[in-house]
Amino acid sequence: MTTTESQEGQITKTERGKIKQMKEIKKIGVLTSGGDSPGMNACIRAVVRTGIHNGLEVMGIQEGYNGLIHNKLIPLKSTSVSNIIQRGGTILKTARSMEFIEKEGRQKAFENIKKNNLDGLVVIGGNGTFTGANIFIKEFDFPIMGTPGTIDNDLYGTDRTIGYDTAVNTVMQAIDKIRDTADSHNRLFFIEVMGRDAGFIALRSGIATGAEDILVPETVTYIDELIEILEAGFIKNKKSGIVIVAEGDDAGGAFEIARKVKEKYCQYDTRVSILGHIQRGGSPTANDRIVASHLGYEAVLALLNGRQGEMVGLINNKTAYTPFEKAIKHHKNINTDLLKMARILS
């Protein structure tokens, strides 16, 4: 056996597939799906310019998976993504596609992929986006890589998701303003933030604003215990208070928790504020722009290197690849020690 034959024999089938795939990828698509998050535009920009740098054509798919089904594809040049890194939302628009849940919808999407000669996709989104991508890959064996675009920071396989840092800062700024009013009127405010299944936004914003308590889905909320915490503060001559409530807390939303507290301790002058979708908007922070740029860049390189069916994330500031199934099914835990710390510091 010659040296050349020996080296050739060491190339695995997987590696041959990767090499073959690298030669085949000439045109890719990018879409944003599910809830918007600040930094999605920075990620789109990174995908487009990384693709063009590597000799690829890049198509923007409008309105998420709906755009694939209804053939809403547009060519993206380097200039197409100029002056968008600082913008919130997504220039490609987004949607939650009910049609893509059905096999017929996915078949239409695949037909449009073939019609437009796409060789790979980068999808930016969260659980629903990756669930759809995972099913699509199993049905059509089509290369897709994902980047985590969600303010909730609840995806397994990355320390930070695109939009999370901006959302926390938006909440912090809002709470700082509300505290001025709370202090002026000696009031107790219950502020509800997003987080149906995860309390990351509540936890970080609560620490940053010195909230009296932070209520999250990951822990059980006891109203009596909450009142004890509040009473201890008022004994120390606190005249006002802030309680952060993640919308998915087991004791109910902010209105329900405020009602329960008022029933047991009517002395409190309570108010409720629901921050709502303000948390999703706004210009992304420097951190979100950098994270989104990094992940978009790595997603394109991953496709070129033969990867598929994975979410590109950052763990300890290093690029990490997590299969869609794992990113979707595994639960990402909050640091409960930070909850203890927040109570001590409040």
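Observations on the model:
- Residues that are hydrophobic (A, V, I, L, M, F, W, C) and buried (at least 21 other Cβ atoms within 10 Å of the Cβ), drawn from segment 213-225: 214, 215, 216
- Selection count, segment 268-301, where residues are under 25 Å from residue 31 (Cβ atoms), open to solvent by less than 50 Å² (accessible area, probe 1.4 Å), part of a helix (DSSP H, G or I) and of a type outside the set (D, E, K, R): 9
- Within segment 309-343, the set of residues being farther than 30 Å from residue 211 by Cα and surrounded by fewer than 20 Cβ atoms within 10 Å (Cβ to Cβ) comprises 318, 319, 320, 321, 323, 325, 326, 329.
- The criterion of at least 1 residues that are open to solvent by less than 20 Å² (accessible area, probe 1.4 Å) is met by the following strands (runs of 3 or more DSSP E) wholly inside segment 47-159: 57-61, 120-125, 144-148.
Yes or no, residue by residue, for (1) in contact with an Asp or Glu (Cβ under 9 Å, 6 or more places away or on another chain); (2) closer than 17 Å to residue 137 by Cβ:
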site	(1), (2)
287	yes, no
302	yes, yes
312	yes, yes
319	yes, no
325	no, yes
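- Per the conditions (1) touching a residue at least 40 places away in the same chain (Cβ under 8 Å); (2) of a type in the set (Lys, Arg); (3) over 17 Å from residue 287 (Cβ atoms), the sole criterion not satisfied by residue 160 is (3).
- Only a single criterion out of (1) touching a Ser or Thr at 6+ places or on another chain (Cβ under 9 Å); (2) over 28 Å from residue 330 (Cα atoms) is not satisfied by residue 250, namely (2).
- Condition broken by residue 162, with the remaining ones in (1) out of contact with any Cys (no Cβ under 7 Å at 6 or more places or on another chain); (2) surrounded by 24 or more Cβ atoms within 10 Å (Cβ to Cβ) satisfied: (1)
The values are calculated or read from the model by the stated rules, or taken from the named source; none is laboratory data. What you see is a predicted model; the values in this text were computed from it and never measured. A quick note on method: Cβ atoms are made from the backbone with ideal geometry, for glycine too, and the neighbour counts reach across all protein chains shown. Calculation scope for accessible area: heavy atoms of the full protein, side chains included, ligands and nucleic acids excluded. Shrake-Rupley method; radii C 1.70, N 1.55, O 1.52, S 1.80 Å.
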